[in-house]
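Novice: Starting off with a structure, shown below.
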Amino acid sequence: MPRSYVFLGFFFFYSIALLYFGKTGYNESDTIDDFFIGGRKMGLFALVSTFVATWFSAASMQGLPGSIYVYGFTFVLYSIVPWFIGAGFLYLLTPKLRASGAVSIPDYFNKRYQSKTLQVSTGILIIFNFILYIVIQIRGFGIVISEFLEIPYTLAIVIVYIFILYTSFGGLFSLAKSDGFNFIVICIGIFLGTWIILFRIDSIETFINQANAVEGYAIEGYFYYTPKASLLKPLAGGGMTLISLISAFFAWGLGLATNPQYTVRIIAAKDTETALEMIKRSVAILFVTYIGIIIIGLGMRVIMPSIKSVDSIDSVLTVVINSLFSTPISGIVMLAIMAAAISTANSQLLVAASSFIYDVFGIVSKKQRSDDVLLTISRVVVLIVGSLSLLLAISPPESLLIYGSYIWGVFSVTLLIPLYGGVFWRDATTNGAIWSMISGMLTMIISYVGTYHSEAIFKIHPSMPGVIVSGIVFYLVSSQERVKANEN
């Protein structure tokens, strides 16, 4: 039987299951709070499933193993380690955020700083940022499906567009159910991929020796050359600089610590203890699964030191999977990548819609509207945001992981200091928060100019100076205002 027919069968059953689980949550969203934050009554299993499934985006499932394949272990320090540190920040934030009664980060800013202007502007920022970030998920899915079913990339991204809209229309309850299914698919796919790699390796000692012997270009025509014995080195044998790894933390780690797609799950928990337990259990699961992704990335390079027919790093995994794995196993691994892309994209669509309803439309519009009207508007916003992301995905970014770090960097330079400063520093002021966001964003833009390209990973990430300037301005403006207030 042709490979494409087998893949089509996998895709058909996955589609039916996804449509079923997505539909089951529709009837549970009676109010706008049900739709966006699960009525603040979500249980532990649903939260862990949706937290983990949302975390595993196309950047994790495609960009990361592809980057490890090309650059080696150093990319674990570039991305995975900062992500886990960022989760620690979320854990510290959880009790205070839930105690505030806020339904979103912009809503918290309004409650903390008494500024509707800050709430509206932050809501617009989140919408814009997620329109750009959803492009990653659409591109990731498009790469897989075009390889999977041997169809054009443009048709493939239209398919994912339909899927993410469908699962998003049911709200957070619908997402939680479909994410539970996607969570299982992701874990099975990573397990099978890891098992196949380990099956082809005789022993750990042999693997280390083979990894140290790798030398040359991982992708024909790509700029990066792997020096001998550098694949397992933290700094890639001199290929990566320490300052580059440190600066990446300011994007990936601190960006995750402020990312609304995670804080909404904290808010949706039925109580604070459940929210804290969600983070702990999710991190434990993620730790195990990332070990599998690291093994897959390094193992692919050892087994297949160089490949030719690849357009970008993001396509490495799909090409190698089809070369190394049998059809059934490669099909399941492909489904895991698709599941990761969909579960992240629909979550981000929902957050973008909630930012519009809670933080923009709800503040700007003075008229009271029923939940039915707000639910209809929310679904229209989901449609518009998804459509804009689809159009941008037609001409996608070069690297999912590098592009994603810039998007998360925007969150870190704008939201981090006002959020955590507002939570943990009593003297934080409204103007301090506003000027902190403006200065952080301007600094990142200035630092960004001329740095976004494949070699950018070896430079200082523009989010690092952005966060530093944001923090300094926040402290100086707030302190000066407090001094003046005390004098008066």
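Novice: Can you run down the residue pairs with Cβ atoms below 8 Å, 6 or more apart or on separate chains, where the first is in region 443-455 and under 24 Å from residue 70 (Cα atoms) and the partner is assigned to a loop (DSSP other than H, G, I, E, B) and at pLDDT below 85?
Specialist: 451/459; 453/398; 454/222; 454/223; 454/398; 454/399; 455/223
Novice: Okay, moving on. Can you tell me which residue is modelled with the highest pLDDT among those in region 336-379 that are over 21 Å from residue 39 (Cα atoms) and surrounded by fewer than 17 Cβ atoms within 10 Å (Cβ to Cβ)? Talk me through it step by step, then tell me what you get.
Specialist: We begin by selecting, within region 336-379, every residue over 21 Å from residue 39 (Cα atoms); these are 336-342, 345, 364-367.
The next check asks that each one be surrounded by fewer than 17 Cβ atoms within 10 Å (Cβ to Cβ); those that pass are 364-367.
Numbers: 364: 90, 365: 84, 366: 76, 367: 81.
That would be 364.
Novice: Which condition breaks for residue 178 when tested against (1) under 29 Å from residue 385 (Cβ atoms); (2) part of a loop (DSSP other than H, G, I, E, B)?
Specialist: Unmet for residue 178, out of (1) under 29 Å from residue 385 (Cβ atoms); (2) part of a loop (DSSP other than H, G, I, E, B): (2).
Novice: Quick one: what pairs do we get from region 49-72, first residue touching a residue at least 24 places away in the same chain (Cβ under 8 Å) and crowded, with 24+ Cβ neighbours inside 10 Å, second assigned to a helix (DSSP H, G or I) and among the basic types (Lys, Arg), C-beta under 7 Å, 6+ apart or different chains?
Specialist: 50/265; 51/265; 58/139; 69/301
Novice: Then there is this: Can you confirm whether residue 319 is part of a helix (DSSP H, G or I), under 30 Å from residue 45 (Cβ atoms) and β-branched (Val, Ile, Thr)?
Specialist: So residue 319 fails the test.
Novice: Here is a further query. Consider residue 282 carefully, then state whether it is of a type outside the set (A, V, I, L, M) and farther than 22 Å from residue 74 by Cα.
Specialist: Spelling it out, residue 282 is indeed of a type outside the set (A, V, I, L, M) and farther than 22 Å from residue 74 by Cα.
Novice: From 44, 77, which residue is surrounded by fewer than 22 Cβ atoms within 10 Å (Cβ to Cβ) and over 19 Å from the mean Cα position of the chain (by Cα)?
Specialist: None of the others qualify; the one that does is 44.
Novice: Is it the case that some residue within region 470-488 is in contact with a Phe, Trp or Tyr (Cβ under 6 Å, 6 or more places away or on another chain), buried (at least 16 other Cβ atoms within 10 Å of the Cβ) and either modelled with pLDDT of 90 or more or under 24 Å from residue 355 (Cα atoms) (or both)?
Specialist: Here is the first cut: in region 470-488, the residues in contact with a Phe, Trp or Tyr (Cβ under 6 Å, 6 or more places away or on another chain) are 473, 477.
Filter once more, so that each one left must be buried (at least 16 other Cβ atoms within 10 Å of the Cβ): 473, 477.
Filter once more, keeping what is either modelled with pLDDT of 90 or more or under 24 Å from residue 355 (Cα atoms) (or both): 473, 477.
Taking every residue of region 470-488 in turn, at least one turns out to be in contact with a Phe, Trp or Tyr (Cβ under 6 Å, 6 or more places away or on another chain), buried (at least 16 other Cβ atoms within 10 Å of the Cβ) and either modelled with pLDDT of 90 or more or under 24 Å from residue 355 (Cα atoms) (or both).
Novice: Could you tell me whether any residue of region 15-24 is surrounded by fewer than 24 Cβ atoms within 10 Å (Cβ to Cβ), of a type in the set (Phe, Trp, Tyr) and part of a helix (DSSP H, G or I)?
Specialist: Yes, region 15-24 contains a residue that is surrounded by fewer than 24 Cβ atoms within 10 Å (Cβ to Cβ), of a type in the set (Phe, Trp, Tyr) and part of a helix (DSSP H, G or I).
Novice: So, one more: Take the residues in region 197-210 that are assigned to a helix (DSSP H, G or I) and over 29 Å from the mean Cα position of the chain (by Cα); name whichever of them is surrounded by the most Cβ atoms within 10 Å (Cβ to Cβ).
Specialist: Filtering region 197-210 for residues that are assigned to a helix (DSSP H, G or I) and over 29 Å from the mean Cα position of the chain (by Cα), the one surrounded by the most Cβ atoms within 10 Å (Cβ to Cβ) comes out as 207.
Novice: Now a separate question. Check region 221-233 and report whether any residue there is part of a helix (DSSP H, G or I), small (Gly, Ala, Ser) and either closer than 30 Å to residue 357 by Cα or at pLDDT 85 or above (or both).
Specialist: Within region 221-233, not a single residue is part of a helix (DSSP H, G or I), small (Gly, Ala, Ser) and either closer than 30 Å to residue 357 by Cα or at pLDDT 85 or above (or both).
Novice: Check region 39-48 and report whether any residue there is in contact with an Asp or Glu (Cβ under 8 Å, 6 or more places away or on another chain), part of a helix (DSSP H, G or I), in contact (Cβ under 8 Å) with a residue 40 or more places away in the chain and β-branched (Val, Ile, Thr).
Specialist: No: region 39-48 contains no residue that is in contact with an Asp or Glu (Cβ under 8 Å, 6 or more places away or on another chain), part of a helix (DSSP H, G or I), in contact (Cβ under 8 Å) with a residue 40 or more places away in the chain and β-branched (Val, Ile, Thr).
Novice: Let me ask something else about it. Kindly indicate which of 143, 134, 184 is in contact with a Phe, Trp or Tyr (Cβ under 9 Å, 6 or more places away or on another chain) and either over 19 Å from residue 348 (Cβ atoms) or assigned to a helix (DSSP H, G or I) (or both).
Specialist: The unique qualifying residue is 143.
Novice: Here are some residues: 124, 162, 85, 151. Which one is at pLDDT below 95, over 25 Å from residue 398 (Cβ atoms) and surrounded by fewer than 22 Cβ atoms within 10 Å (Cβ to Cβ)? Explain how you work it out, then say what you get.
Specialist: Details: 124 fails: at pLDDT below 95; 85 fails: at pLDDT below 95; 151 fails: over 25 Å from residue 398 (Cβ atoms).
From the options 124, 162, 85, 151, the qualifying one is 162.
Novice: While we're looking at this one, here's another question. Can you say whether residue 229 is of a type in the set (Gly, Ala, Ser) and in contact (Cβ under 8 Å) with a residue 40 or more places away in the chain, as far as the supplied structure shows?
Specialist: Numbers: of a type in the set (Gly, Ala, Ser): yes; in contact (Cβ under 8 Å) with a residue 40 or more places away in the chain: no.
The answer is no for residue 229.
Novice: Something else about it: Within region 305-323, count every residue that is surrounded by fewer than 18 Cβ atoms within 10 Å (Cβ to Cβ) and touching a helix residue (DSSP H, G or I) at 6+ places or on another chain (Cβ under 8 Å).
Specialist: So the answer is 2.
The values are calculated or read from the model by the stated rules, or taken from the named source; none is laboratory data. Everything numeric in this text was worked out from a predicted model, so none of it was measured. Every residue, glycine as well, gets a Cβ built from its backbone with ideal geometry; the counts of neighbours run over all protein chains shown.
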